Amino acid sequence: MNPTQTGSQTWSASNPAAPPSGEPRVGAAARVHVPFAPRVAQKFGRGYSRFVGMMKILLPVGAAILIILVAAWPYLQPSDGRFLIGFSTMVSSEAENPNIVNPRLVGTDASNNPFSITADLAKNFRIRKDFWDAGEPVELEMPKADITLDDGSWLVLTAETGLLSPVDKTLELTGAVNLFHDSGYEIRTDIATIDLQAGAAHSNVPVEGQGPFGNLNAEGMKLKDKGRTITFTGKAKLVIYPSFGKEKP
């Protein structure tokens, strides 16, 4: 049946309010029938609920994956023998020559064993992206180097001052240089050069040593393999304790 329009109201066969004669009843309120609105709202409600439910799962999972990636990123990068630099405070009177308080350098040697270098102060420390390829030498006050050996033991070197050469990966120590191995031996000298990559050190000035074996004096020393082998050069004097090598009762 075709719709019949009277005045401003339209009536159709689907409208139960329309009179059989097709004429609108006087005073009757016009009804608008929208058959699809409830179904659209219902579908939207279900879709929104599914979306909220998925977000409750995806957001925590995504956050966990992001945290894992941030933590694992340094290990996913290929090792190129570079080092990491950290510091607590930067103080400077000139922007071109900054001094860094409590700098900390962490890296690995040629055998992939970790080491770290700390100091009370680093002078003229210009941090740059290619620091280890083209960086200038850095002066250190009260430097300390901690080197881990292949067998898990460690070696500690301290001094009054130091000069770090990033290109050569060497550390020049001067003044009250002290080398201590966790097995108990200790070597003291005034000047020593440390090769961070090779895990070696040498001194061409008089050295004094002591340990469970006794006391030693020499005109110099060469340390290789991170302390496994130490060669004392020049005139040397060794005093061995009588109890060294004997089993305790």
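A 20 angstrom limit on the alpha carbon distance is what I want to check against. Which of Lys169/Lys224; Lys123/Lys226; Lys123/Lys222; Lys144/Lys235; Lys169/Lys235 exceed it? Please list the in-between numbers first.
Numbers: Lys169/Lys224 16 Å; Lys123/Lys226 28 Å; Lys123/Lys222 29 Å; Lys144/Lys235 29 Å; Lys169/Lys235 30 Å.
With Cα atoms farther than 20 Å apart: Lys123/Lys226; Lys123/Lys222; Lys144/Lys235; Lys169/Lys235.
For a modelled paramagnetic label at Arg188, 7 Å from Cα along Cα-to-Cβ, the residues of segment 194-217 in reach, with backbone nitrogen under 18 Å, are 203-217. In loop segments of segment 96-195 as defined by DSSP, the GluC sites (Glu not before Pro) with at most 13 further C-beta atoms inside 10 Å of their C-beta are Glu96.
So if R0 is 45 Å, what FRET efficiency would Val205 and Arg128 give, r being the distance between their Cβ atoms, rounded to the nearest 0.05? Kindly include the intermediate steps, with their values, before the conclusion.
Values: r = 34 Å, r/R0 = 0.75.
That gives a FRET efficiency of 0.85.
Rule-based calculations on the coordinates, nothing more; no lab input. If you're wondering where the values come from, they're calculated on a predicted model, not measured in any experiment. Note that each Cβ is placed from the backbone with ideal geometry, even for glycine, and that neighbours are counted across all protein chains shown.
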